[in-house]
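See structure below.
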Amino acid sequence: MSGRDGAGTRLQAVDLRTRALDLTELMDDPDCDPRALARTFRRFALVNALVSGWRAAWRTHVAPALPANGRGRILDLGCGGGDLARALVRWAAADGFEVEVVGADPDARAIDAAQRSTPRGVTFRQQSSQELVAAGERFDVVVSNHVLHHLGDEERHGFLADSESLAGSRSLHSDIRRSTEAYRLYAIGSALVAAGTFVRVDGLRSIRRSFTLPELRDALPTGWRAEQAAPHRVLAIRDA
Ligand SMILES: C[S@@+](CC[C@H](N)C(=O)[O-])C[C@H]1O[C@@H](n2cnc3c(N)ncnc32)[C@H](O)[C@@H]1O
């Protein structure tokens with residue numbers, strides 16, 4: 001690799017052989033600049049649309065797990081600014097489904113950002129997975145985007161156990177697949193959309209924290225499977 005990663009580090013100097021669990025994201029700092037954070041939530045909607053592969057995952061893994069009558073409830077756990085929840089309702093309508101999507105996140109700042117746009121069929125709640133389980137909630141499909149890499153081992157076990165309890169049909173958690181190519185491409189591409197946001201630094205840190213496919217396989221509890229999704233994604237899947 002050549003060049004710098006936008007956080008000032010030479011690309012050749014970045015060690016991607018193991019997960020960089022010591023790195024935290026700028027947007028997780030409760031004292032970070034709220035205007036930069038609001039811009040970051042909006043800009044991640046664009047980044048997610050470009051890199052996260054959810055359009056394909058909706059067709060291959062979400063829609064087939066919904067009830068045959070075309071109606072269903074989907075939970076987006078750790079919804080952040082809410083772009084995936086909104087996209088799921090849009091894609092569902094385009095494919096003849098009528099779904100209710102709940103986006104949940106314990107971070108009040110994320111729910112604030114998400115609630116700026118709530119199309120019909122989408123609601124956002126400031127709740128964690130644990131709180132949803134305690135409230136006795138059930139959904140057909142539980143999804144998340146970019147949450148697995150964000151959590152420590154114990155939190156991830158709890159999150160996946162909560163997902164199992166909440167999902168009547170399928171859990172589907174999508175994340176980045178760590179590789180030097182993903183890192184290099186993001187370092188170059190994110191420069192175009194990162195101005196005034198945490199998108200570049202946090203995205204690169206996220207890649208460094210994320211799993212390879214074998215690592216994700218090893219990290220998942222019994223009953224879960226890991227799949228690679230093109231081109232730089234991994235999926236953690238559990239069928240109820
Ligand atoms: C890296 S952000 C991803 C946000 C969004 N899904 C996206 O792709 O832009 C991870 C989010 O997971 C949320 N989170 C962490 N633990 C959670 C839990 N147990 N239940 C629900 N959300 C959780 C955090 O508050 C944070 O907003």
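The values are calculated or read from the model by the stated rules, or taken from the named source; none is laboratory data. Only a predicted model underlies this, so the values are computations on that prediction, with no experimental measurement involved. Quick reminder, even Gly has a Cβ in these numbers, built from the backbone with ideal geometry, and neighbours come from all protein chains shown. Protein only, heavy atoms only, side chains kept; ligands, DNA and RNA dropped before computing areas. Shrake-Rupley method; radii C 1.70, N 1.55, O 1.52, S 1.80 Å.
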Quiz item: Counting only residues 5 or more places away or on other chains, whose amide H sits under 5 Å from the amide H of Arg177 once H atoms are built in the peptide plane?
Solution: Arg233, Val234
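Would you list Leu213, Leu77, Leu46 from the most to the least accessible area, probe 1.4 Å?
On the way: Leu213 25, Leu77 5, Leu46 80 Å².
Result, largest first: Leu46, Leu213, Leu77.
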Self-check item: Net charge dipole size for the chain [Lys, Arg +1 and Asp, Glu -1 on Cβ; Debye, nearest 20]
Solution: 920 debye
Quiz item: Which one of Ala93, Gly82, Gly53 has its Cα pushed farthest toward the positive end of the charge dipole of the range 50-183, where Lys and Arg give +1 and Asp and Glu give -1 at the Cβ?
Solution: Ala93
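Calculate for the chain the 222 nm mean residue ellipticity that helices alone would give, adding -39,500 (n - 2.57) per DSSP H run of length 4 or more and normalising by residue count, nearest 500 deg cm²/dmol.
On the way: 9 runs with 89 residues, N = 240.
It lands at -11000 deg cm²/dmol.
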Quiz item: How about the range 96-159: which trypsin sites (Lys or Arg not before Pro) there lie in a loop by DSSP and see at most 15 other Cβ atoms within 10 Å?
Solution: Arg116, Arg120, Arg138
Practice problem: Starting from the amide H of Asp76, placed 1.01 Å from N in the peptide plane, find each other amide H under 5 Å away whose residue is 5 or more places distant or on another chain. | Solution: Val102, Gly103, Ala104, Val143
Quiz prompt | Counting DSSP beta bridges with both ends in the range 1-127, the antiparallel % (nearest 5) | solution = 10 percent
Quiz item: For the range 99-240, what is the percent of antiparallel DSSP beta bridges, rounded to the nearest 5?
Solution: 50 percent
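For the range 1-152, what is one quarter of the convex hull surface built on the Cα atoms, given in nm²? Display every interim value, and only then the final one.
Details: hull surface 43.5 nm².
So the mean shadow area of the Cα hull is 10.9 nm².
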Quiz item: Relative to the first principal axis of the alpha-carbon coordinates of the chain, what is the inclination of helix 199-209, with its axis defined by its Cα atoms, in degrees from 0 to 90 and to the nearest 10?
Solution: 80 degrees
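Considering only the other residues whose Cβ falls under 13 Å of the Cβ of Arg225, what net charge follows from Lys and Arg at +1 and Asp and Glu at -1?
0
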Practice problem: Return the sequence-ordered ³J(HN,Hα) values of the range 91-106 in whole Hz as given by the Karplus equation 6.51 cos²θ - 1.76 cosθ + 1.60 applied to θ = phi - 60°, using x for Gly and Pro. | Solution: 5, 4, 4, 5, 9, x, 9, 10, 10, 9, 10, 10, x, 10, 7, x
Exercise. Please list Glu137, Glu181 in order of solvent-accessible area, largest first, computed with a 1.4 Å probe with all protein chains present.
Key: Glu181, Glu137
Exercise. Convert each backbone phi in the range 141-158 into a coupling constant with the Karplus relation 6.51 cos²θ - 1.76 cosθ + 1.60 (shift: θ = phi - 60°), then list the ³J(HN,Hα) values in order as whole Hz, x for Gly and Pro.
Key: 10, 10, 10, 8, 10, 6, 9, 4, 5, 6, 9, x, 4, 5, 4, 5, 4, x
Practice problem: Report relative contact order for the chain in percent, whole number only (criteria: Cα-Cα under 8 Å, sequence separation at least 6). | Solution: 23 percent
Exercise. Please report, in whole Å, how far the alpha carbons of the range 161-225 spread along each principal axis, starting with the longest.
Key: 41, 24, 14
Self-check item: Size-normalised alpha-carbon gyration radius of the range 83-125, reference 2.2 N^0.38 Å
Solution: 1.15
